[in-house]
Every structure is written in structure tokens, then in C-alpha cells.
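*Asks:* Next up is a structure, given as C-alpha cells.
Taken together, the values in this text are just the output of simple stated rules run on the coordinates, not laboratory data. It should be emphasised that the depicted structure is a prediction, and the values quoted were computed from it without experimental measurement. Backbone-built Cβ (ideal geometry, glycine too); neighbour counts: all protein chains shown.
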Amino acid sequence: MVIKNSSELDAASADSNYDREAEVKAFDESKTGVKGLLESGVTKIPRMFYSGELNLTKRSENNSNFTIPIVDLAGIHSNSDLHIEAVEKIGSACQEWGFFQVINHGIPNNVLDEMINGIRRFHEQDSEVRKQFYSRDKKKKVNYYSNLNLFKNNTANWRDTIGFLVAPHPTKPEDIPEVCRDIAVEYSKKIREMGHTIFELLSEALGLNPSYLNELACAEGTSVVGHYYPPCPEPELTMGASKHTDAAFMTILLQDELGGLQVLHDNQWVDVPPVHGALVINIGDLLQLITNDKFISVFHRVLASQTDPRISIASFFINYDDKAEGTSRVYGPIKELLSEENKPLYKDTSVKEFSTHYFSKAIDGDSSLQAFRL
Ligand code: OGA
Ligand code: NI
């Protein structure tokens, strides 16, 4: 059946003969992800990937004047005017967009390019080799999977992921797949350093001492995921990544030149255009919580594309314990930011409690922060 409009899509989804659970189970048991579906020759996407909304709007529906702010970090450590300018730009970006890109951040382009290549090599290697890494076992320090919440969400995304831990309990290099091992280790080290710098700038943008957020341990933990969005034969029926916010304090994202990432701004989906050498920074739910809504954690999504595979690497700054779960450390709105006119909007919560709630909730387009509002 070729689906042409949303009532046909509803009809297809409501088909009583359709056994979603069986389809999802068989897909997961293949251990080769969405890439494996293509390798097996599918020309129609399985129904488990239907996003439920027929997405004909797609790319660059926004011909608006909106663009994600780009912040130049060149010279910020030696020139105080440039430093002040960057901090101001970051402050307004975090309040208005929750997203910005940084250039001249100090990580060389060859490291960024090679990290994208390394993640591509992992996902494009023989399926028999990939399969050995496929797992949903949280105790493993490297996991290859398709759709973290595959069994909970109502729709599956057209993407596969390999994830590993960087701090404070890093995956041992020898456990990282060999095809991307060296670059993964080098990239992770650079991303950690950069994360500390960004938290300094974010602290200043909040009017706090530069070391404030680092002392709060916002950069204590980092996990890295390397996504692969295979070309999709029917890109209007599914999403690369459904609308969501990130749970972490902050995310640093490296995307290749393909595009497809969009941010919800003023009720419009705005493209995050690929800029070679740039990194995308976004505020996560935990930072919105501790800044008492001053900095915003914003919905974003990734469109599926018919042509090339897209690769992106997200580094999440969130503290976790040695079981790779959120720590018991408790966070609430930062006292220095509160006043008579700015009363706390959230109750105190541990990272563990927050992330348990975040991951137990299906991706349904609602914010996980709602449950913690006073
Ligand atoms: C994420 C995410 C965007 C992308 O991993 O949370 O939003 O471009 N990724 O892959
Ligand atoms: Ni995200």
C-alpha cells in the first residue's frame, strides 16, 4: 500500500492484523539495526517506523529570518573584549534558543572529520562484526543498538547508535570497537576539555563565578553516542529522531555536512545548518532546572533523508555512577539566581530520579521537566 495522506496512514496503523510487538522483536533480534534492513533489500519501511504524522513539511519549510546563533571562540582567553562578547552572545542564545554553534573552539578539523569517519566505519562494517556489539545491557560499557527506547516508544526512529562512556568511569579503550578506537579516545579527551570551557562560559553568562557550574559537577560525567541515519526509502513516513529534549546539563553535537537537525523556535522548526568545523551546543533539561528556566532546554528532531547516510556524534554531560546510572547527587534551582521576583520553579531532584523519569517516559513530545515543577 502506498500511503498518500494521513487518514490512510491512520487506517494502516489501525490494521488489526498488524502485530507491532512481533515486528519490533524480530527487528531487535536481527541485531543489525536499520542499516541491516537496507542491507536486506527493503524498499518500503516497516510499519513500526511510521511516525504517525505524515511529514510532508520537511526541510527548510522555514524561509524565515531565524538562524541559530554562531559564536566565535577565537581569542576569548587572551582578549577580554572578545571574551565579554562571546559570553553575552552565549547568554542570549541560551535564553532565546537553547542552542548555538561554536567555531574556533580549538578542536582541529581533522579530529572532527576523523571522528565522523570512525563512526561511519563502525556502522558500515560487515553486519556479522556489528552484531557482536549489539546489546541493550546497561552493564556493558559499549552498546550498539537501534532506538534506545525501542520497546516503549510508539514509533521507532530511522537510526542506529553506538554509545560509550567517557567520564567519570570511562569505557576501557580495548572495549571500544577497533575501527573507531583511537579517534574515539582522542575525540573524547578533547570534548571533555571543551565541555569544561563551555561550562565556564555558561557560568559567566549566568552572572556567576566562571568555575560555578564545574564546581557543581555539571561536567563530571560524559557519555558519547555515535548515530548513523541510513538513507530512508520513504522519508516522509518516519523521523531520524523524534521531537525530544535532552536530559543532560548540556550536549555538544558534531554533525556531518548532510543537515536534517531542526530546533523548535517560536513554534517553527528551524534548520541547524551544517558548518564545517563547528560544534552545536544545546542546553539540556537539568540545566534548565538549575537555572530556574533562565536557560531553556528546547525540542529538536532529525528528519530522515532519502539520499545519503547521515552521521552525528552527541556528547552528553550528565553525571552517572559506576553502574552507568544517574548519580544520587541532588540538584535544584541555583540559590544565587533566585530572588523575591524569581522564586524556585522546581523541586530538588537527584540526577538518578530525573533520568529514571526521563528514560521511563516514552518520547511523546512532552517535557520531562513538567513532573518536577513546583
Ligand atoms: C541526540 C540528538 C541530534 C543529531 O542525540 O539527542 O538530538 O543531529 N541528536 O543527531
Ligand atoms: Ni537530542
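*Asks:* Label-point separation (nm) for residue 104 and residue 189, each offset 7 Å from Cα along Cα-to-Cβ?
*Replies:* Each label point lies 7 Å from its Cα, and together they span 2.6 nm.
*Asks:* Report the per residue volume, in Å³, of the convex hull enclosing the C-alpha atoms of region 98-217.
*Replies:* With only Cα atoms used, region 98-217 gives 156 Å³ per residue.
*Asks:* Give the long-range amide H neighbours of residue 350: residues separated by 5 or more places, or on another chain, with amide H under 5 Å away, using H modelled in the peptide plane at 1.01 Å from N.
*Replies:* HN-HN under 5 Å from residue 350: 331.
*Asks:* Between residue 43 and residue 353, what is the label-to-label distance in nm when each label sits 7 Å out along the Cα-to-Cβ direction?
*Replies:* 5.5
*Asks:* Express in whole angstrom the spacing between the alpha-carbon centres of region 86-105 and region 295-374.
*Replies:* Each part reduced to its Cα centre gives a spacing of 19 Å.
*Asks:* Could you give the dipole magnitude of the chain about its Cα centre, charging the beta-carbon of Lys and Arg +1 and that of Asp and Glu -1, in debye to the nearest 20?
*Replies:* The calculated dipole for the chain is roughly 840 debye.
*Asks:* Okay, moving on. Please report, in cubic angstrom per residue, the volume enclosed by the convex hull of the alpha-carbon atoms of the chain.
*Replies:* Considering the Cα atoms of the chain, their hull volume per residue is 143 Å³.
*Asks:* Could you sort 334-344, 281-291, 140-150, 70-80 so that the peptide with the highest average Cβ count within 10 Å comes first and the rest follow in order?
*Replies:* 281-291, 140-150, 70-80, 334-344
*Asks:* Now for a different question. Please give the contour-minus-distance gain from residue 373 to residue 83: 0.36 nm per residue of separation, less the Cα-Cα distance, rounded to one decimal in nm.
*Replies:* Gain in length upon complete extension: 101.0 nm.
*Asks:* For the chain, what is the percent of antiparallel DSSP beta bridges, rounded to the nearest 5?
*Replies:* 90
*Asks:* Convert 4 °C to kelvin, take the viscosity as 1.567 mPa s, use the Kirkwood radius over C-alpha pairs of region 150-305 as Rh, and evaluate the Stokes-Einstein diffusion coefficient in µm²/s, rounded to a whole number.
*Replies:* D = 75 µm²/s.
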